[in-house]
Amino acid sequence: MRFSKFNLGIVLFAQALLLSHAFAEGKGPSVLEKKIVEYGWDCPTPDFIHKHIDVMKTRPFDGVVFHLRGKDRTFLPPGSDSPIPDTEGGSRVFNIQGFEESDFEMECRLLAEIDWGHYTDNFLILFADSHQDWFDDSHWETILKNVRLVTHAGAVAGCVGLVFDPETYYETRPWKYSVSPRKDEKTFAEYEDKVRERGTAFIQTIENEMPDVQLLTFFQISFLKKFCLPMSPEER
């Protein structure tokens, strides 16, 4: 994982997510009761939780982070000629191929049936892997539809919030200006403005389905430390 490849774009998008939510609510930061929420490589699907919630209830967690599978898809890892099943495809909201409501019908039904017990603080994760273009309106029409459908599943599950994982685990780099598809025709400042615009639409779509959503992000504190070093915006 090369954290150095991320630039200011991720901070702008995260800020648009968090600040838009705070301003829309008209209130400042608040102190929340501490909770223990499980997340790891074993991040479960709705099907797994539906089958094993009784065993999960024996563990001392207040909640769990889970992902959606969606319809069966395949994924071609970089450098490989062999597609593999994409078991996390339903949470890849930046997927420009797009989701349909029918992709999540079964998982929404399972989520609605789960007796969560003391698992009161559950989160649905959203992944950032994508070949999307920040300036392509058709891409973002698809992405916002994806966000709406996935967030609706979180609402059906009674989640308190969403986790946004900004890391791109493969070759796509939506946060890096130097490899952006329009870097030769769009300035860094133009990218800043567009990313803020997309981030605002992103959070507004989420809040339409989950008005009181809590947002968690991965790695943000470690990113911000590097961004505070003296350098030009383009270098970040």
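The values are calculated or read from the model by the stated rules, or taken from the named source; none is laboratory data. These figures come from a predicted structure and were not determined experimentally. Virtual Cβ from ideal backbone geometry, glycine too; neighbours counted across all protein chains shown.
Observations on the structure shown:
- Answer from Ala153, Ala157 - the residue that is modelled with pLDDT of 95 or more, of a type in the set (A, V, I, L, M, F, W, C) and under 14 Å from the mean Cα position of the chain (by Cα): Ala153
- Scan of segment 174-187 for residues that are surrounded by 19 or more Cβ atoms within 10 Å (Cβ to Cβ) and of a type outside the set (Phe, Trp, Tyr), ordered by number: Pro174, Ser180
- Residue list for segment 134-149, restricted to those being within 24 Å of Glu107 (Cβ to Cβ) and free of Cβ contacts under 8 Å to residues at least 40 places away in the same chain: Glu141
- A Cβ distance below 8 Å, combined with a sequence gap of six or more or placement on separate chains, defines the contacts here; from segment 51-71, residues that are buried (at least 20 other Cβ atoms within 10 Å of the Cβ) reach residues that are among the basic types (Lys, Arg) and modelled with pLDDT under 95 in the pairs Gly63/Lys35.
- Going through (1) over 21 Å from His131 (Cα atoms); (2) modelled with pLDDT of 95 or more one by one, Leu215 falls short only on (2).
- With respect to (1) modelled with pLDDT of 95 or more; (2) touching a Pro at 6+ places or on another chain (Cβ under 9 Å), the lone exception for Phe188 is condition (1).
- For segment 170-194, the candidate set comprises residues that are part of a loop (DSSP other than H, G, I, E, B) and in contact (Cβ under 8 Å) with a residue 60 or more places away in the chain; within that set, the residue that is farthest from His67 (Cα to Cα) is Lys176.
- Meets criteria (within 20 Å of Asn146 (Cβ to Cβ), aromatic (Phe, Trp, Tyr), modelled with pLDDT of 90 or more and touching a Pro at 6+ places or on another chain (Cβ under 8 Å)) for Phe66: yes
- All conditions but one from (1) of a type outside the set (A, V, I, L, M, F, W, C); (2) part of a helix (DSSP H, G or I); (3) surrounded by fewer than 21 Cβ atoms within 10 Å (Cβ to Cβ) apply to Asp103; the one that does not is (3).
- Failed item, numbered, when Lys35 is tested on (1) outside any helix (DSSP H, G or I); (2) surrounded by 10 or more Cβ atoms within 10 Å (Cβ to Cβ); (3) modelled with pLDDT of 95 or more: (3)
- Residue that is nearest to the chain's Cα centre (by Cα) [pool: residues in segment 113-140 that are assigned to a helix (DSSP H, G or I) and surrounded by 13 or more Cβ atoms within 10 Å (Cβ to Cβ)]: Trp140
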